[in-house]
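First the structure, in the form of structure tokens, and then the observations on it.
The values are calculated or read from the model by the stated rules, or taken from the named source; none is laboratory data. Being a predicted model, the structure only gives us computed values, none of them experimental. Heads up: the accessible areas ignore ligands, DNA and RNA and are worked out on the full protein's heavy atoms, side chains in. Shrake-Rupley method; radii C 1.70, N 1.55, O 1.52, S 1.80 Å.
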Amino acid sequence: MTKSNKKIMNNIPINESEREELIRLREENRLLKMKIIYEKNYKPCYWKSKQKQGKDKNNPQTSKRIS
């Protein structure tokens, strides 16, 4: 059991430095969650489009024909 859990169970208020630390950790946690969501959702789409563009450049069937 951590210190914060013990204090909650004992109904002892946390001091200002602990409160600031909790706020900082919550912000950091939120930022990390947002980064994970970004990497799961947007990065694969970006790389897929880049790979597709690269394949189109090298594929003579999809490139423009010169008449």
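Is it true that Asn15 is open to solvent by 100 Å² or more (accessible area, probe 1.4 Å), modelled with pLDDT under 95 and of a type in the set (S, T, N, Q)? No; evaluated as a whole, the condition is false for this residue. Summed over region 45-67, residues that are assigned to a helix (DSSP H, G or I) and modelled with pLDDT under 70 total 7.
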